[in-house]
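K.L.:
Provided herewith is a single structure, encoded as structure tokens, for subsequent inquiry.
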2 protein chains.
Amino acid sequence: MELSSWFGKEAIIGYLGPHGTYSEEVAFRLYNKEQVSFKTYSSIDVAIKAVESGEVSQGIVPVENSLEGSVNVTLDILAHEVNLYIRKEVIWPVRHNLLVKEHWDDVKIIVSHPQALAQCRHNLRRLYPDAELRAMNSTADAATLVASGIENYAAVGSQSAGALYNLQTIAGDIQDSSTNCTRFIVLGDSPIDTHSLSDPCKTSVVCKMNGERPGSLCEILQEFSTRNVNLTRIESRPARTGMGNYIFFFDMDGSIENNSVRSAVEAVKEKSLWFKSFGSYPICTL
Amino acid sequence: MELSSWFGKEAIIGYLGPHGTYSEEVAFRLYNKEQVSFKTYSSIDVAIKAVESGEVSQGIVPVENSLEGSVNVTLDILAHEVNLYIRKEVIWPVRHNLLVKEHWDDVKIIVSHPQALAQCRHNLRRLYPDAELRAMNSTADAATLVASGIENYAAVGSQSAGALYNLQTIAGDIQDSSTNCTRFIVLGDSPIDTHSLSDPCKTSVVCKMNGERPGSLCEILQEFSTRNVNLTRIESRPARTGMGNYIFFFDMDGSIENNSVRSAVEAVKEKSLWFKSFGSYPICTL
């Protein structure tokens, strides 16, 4: 489907703003600025709901980081609050930088998104053992605050945020692990047709099992393993019905067009108290 | 063991501060103020490491919320950075309140710990659809900021934080779910002897499987299910060795003194590339 002719309207791509976020870096790499327009949102939940309401054609949100794990708000809203499909997966290498306005000899407070701070925890403690780490809504918000000239502040953010807000980089690549990647997904209101795709695909579902019976997760996993369907990820989240009740997200290699995948998914659906599919989608490496 | 004679020193209990946090509410309920002294820490990681270094005898940290799921920093530090044991589990009902200094007709910015904001997301959007939600390090920090008299701000926090900082409650019990609980654990540098305990116990371990082999998680789960050991929780976290590599936390009913539990844990250890036990501990309901 041509995005530029999405329902006869101009395609609008939504993502977590403001300008200078990692989501924006991904959006600009995935889409041609001359063919689509972009809209930023102040939080992930609002960005996802803008796809559901039709305010944007597609939305780009982070779903997992290789150090910090799941982005819980993304999983929870996809499970409980909207009916959307994953149309693409993008794995994005994260390069964090420590950004200041002018002085770097007296950093007392380091601001950023909590996941960015967590991903640099060791290096920040080494560089500035006495600095306080303070949470903000986004890495770009943190850069904006530091750019305002507030004294003794530094921000953790992307190189593009540093450039956008005219900040100096005290230290580059300060993420604690060199394998730090974030997995983004592109969401839409219909599943993609993977039939004609040559790229490798994945399929994602979420379900709730009968938690009263010991071994029910084990039985579900057997549906995958007996068919040699490779699970790339299993993630539990609260079912929101009380402590100890969970839903499980499964990501697997292969498209639903594949017989083994389709048969395993159908068997899991059959055994679940509640089930939802996010469709099959290509994996994009940038 | 008498806490008050901990290694001949006065027992010190560490927890996430400042005063007015939910961790403090739990600490004050668990320990007699006349027998121990308390020490607050500005972040969960520092509180846990204070137990490892011996700066405090025991530490109380949140590990899971029934709506928001795992407290990732707690799991990650327990797995990767310290060698500590769980000595007790406490399930604490969370009651969030919306707190203001004076005026409640013009709330534009609502501050709190990101998990507290997430737990009230629906009610906050209903009460103040246009308000911006802004992350802070703790619910108590948020209450302190609002108490400073900053205009158009409200905080989400406990009733005791409201009382401590002389704030008014606009709305009580604003958590989105009435079953909202947080699970806290008490950490120490040695495992508890559950032999003589009459309380129900749990046992917790973490391990890394051979992720290259499909079905390896399934095989581990079978070690529990064939012995009728009930898993109360399975949680995956990044192994920190790259996207797609995970470690798995298992909580199970029963103490390691129980033959089935011990045998299952030994079998899991045998099958794991890496394994760590957090011991067995009583479940405490307050």
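K.L.:
Determine if the range B:62-79 includes at least one residue that is closer than 17 Å to residue B:206 by Cα, over 14 Å from the mean Cα position of the chain (by Cα) and either within 14 Å of chain A (Cβ to nearest Cβ) or in contact (Cβ under 8 Å) with a residue 40 or more places away in the chain (or both).
P.N.:
Checking the range B:62-79: at least one residue is closer than 17 Å to residue B:206 by Cα, over 14 Å from the mean Cα position of the chain (by Cα) and either within 14 Å of chain A (Cβ to nearest Cβ) or in contact (Cβ under 8 Å) with a residue 40 or more places away in the chain (or both).
K.L.:
Next question. With respect to residue B:160, determine if the residue is over 30 Å from residue B:123 (Cβ atoms), outside any strand (DSSP E or B) and more than 10 Å from chain A (Cβ to nearest Cβ).
P.N.:
Answer is no for this residue.
K.L.:
In the range B:45-55, is there at least one residue being out of contact with any strand residue (DSSP E or B) (no Cβ under 7 Å at 6 or more places or on another chain), under 30 Å from residue A:74 (Cα atoms) and within 11 Å of chain A (Cβ to nearest Cβ)?
P.N.:
Yes: one or more hits.
K.L.:
Look through the range A:19-63, keep the residues that are basic (Lys, Arg) and in a helix (DSSP H, G or I), and return whichever of them is modelled with the lowest pLDDT. I'd like the intermediate steps shown before the answer.
P.N.:
Of the residues in the range A:19-63, the ones basic (Lys, Arg) are A:29, A:33, A:39, A:49.
Remaining after also requiring in a helix (DSSP H, G or I): A:29, A:49.
On the way: A:29: 91, A:49: 96.
Of everything passing the filter in the range A:19-63, A:29 is modelled with the lowest pLDDT.
K.L.:
Further, regarding this structure: Say whether the condition of being in contact with a Leu (Cβ under 6 Å, 6 or more places away or on another chain) and closer than 19 Å to residue B:235 by Cβ is met by at least one residue in the range A:192-208.
P.N.:
Yes, some residue in the range A:192-208 is in contact with a Leu (Cβ under 6 Å, 6 or more places away or on another chain) and closer than 19 Å to residue B:235 by Cβ.
K.L.:
OK, next. Among the residues of the range A:239-252 satisfying the criterion of being in contact (Cβ under 8 Å) with a residue 40 or more places away in the chain and either hydroxyl-bearing (Ser, Thr, Tyr) or touching a strand residue (DSSP E or B) at 6+ places or on another chain (Cβ under 8 Å) (or both), which is surrounded by the most Cβ atoms within 10 Å (Cβ to Cβ)?
P.N.:
A:252
K.L.:
Considering the range A:259-286 alone, what residues qualify as being among the hydrophobic types (A, V, I, L, M, F, W, C) and farther than 17 Å from residue A:202 by Cβ?
P.N.:
Within the range A:259-286, A:267, A:273, A:274, A:275 meet the criteria.
K.L.:
Something else about it: Quick check, is residue B:228 surrounded by fewer than 16 Cβ atoms within 10 Å (Cβ to Cβ), free of Cβ contacts under 8 Å to residues at least 60 places away in the same chain, out of contact with any Phe, Trp or Tyr (no Cβ under 8 Å at 6 or more places or on another chain) and at the interface with another protein chain (Cβ under 8 Å from one of its Cβ atoms)? Write out each step before concluding.
P.N.:
Values: surrounded by fewer than 16 Cβ atoms within 10 Å (Cβ to Cβ): yes; free of Cβ contacts under 8 Å to residues at least 60 places away in the same chain: yes; out of contact with any Phe, Trp or Tyr (no Cβ under 8 Å at 6 or more places or on another chain): yes; at the interface with another protein chain (Cβ under 8 Å from one of its Cβ atoms): yes.
For residue B:228, the condition - surrounded by fewer than 16 Cβ atoms within 10 Å (Cβ to Cβ), free of Cβ contacts under 8 Å to residues at least 60 places away in the same chain, out of contact with any Phe, Trp or Tyr (no Cβ under 8 Å at 6 or more places or on another chain) and at the interface with another protein chain (Cβ under 8 Å from one of its Cβ atoms) - is met.
K.L.:
Pick from B:184, B:224: which is in contact with a helix residue (DSSP H, G or I) (Cβ under 6 Å, 6 or more places away or on another chain), in the same structural domain as residue B:31 (by TED's automatic domain parsing) and under 30 Å from residue B:266 (Cβ atoms)? Give the derivation first.
P.N.:
Details: B:224 fails: in the same structural domain as residue B:31 (by TED's automatic domain parsing).
B:184 is the lone residue from the list that is in contact with a helix residue (DSSP H, G or I) (Cβ under 6 Å, 6 or more places away or on another chain), in the same structural domain as residue B:31 (by TED's automatic domain parsing) and under 30 Å from residue B:266 (Cβ atoms).
K.L.:
From the set of residues in the range A:41-61 that are surrounded by fewer than 19 Cβ atoms within 10 Å (Cβ to Cβ) and among the polar types (S, T, N, Q), which is nearest to the chain's Cα centre (by Cα)?
P.N.:
A:43
K.L.:
Of the conditions (1) more than 9 Å from chain A (Cβ to nearest Cβ); (2) touching a residue at least 40 places away in the same chain (Cβ under 8 Å), residue B:196 clears all except one; give me its number.
P.N.:
The one condition residue B:196 does not meet is (2).
The values are calculated or read from the model by the stated rules, or taken from the named source; none is laboratory data. All values reported here derive from a predicted model rather than from experimental measurement. Positions of Cβ are generated from backbone atoms using ideal geometry, with glycine treated the same way; all protein chains shown enter the neighbour counts.
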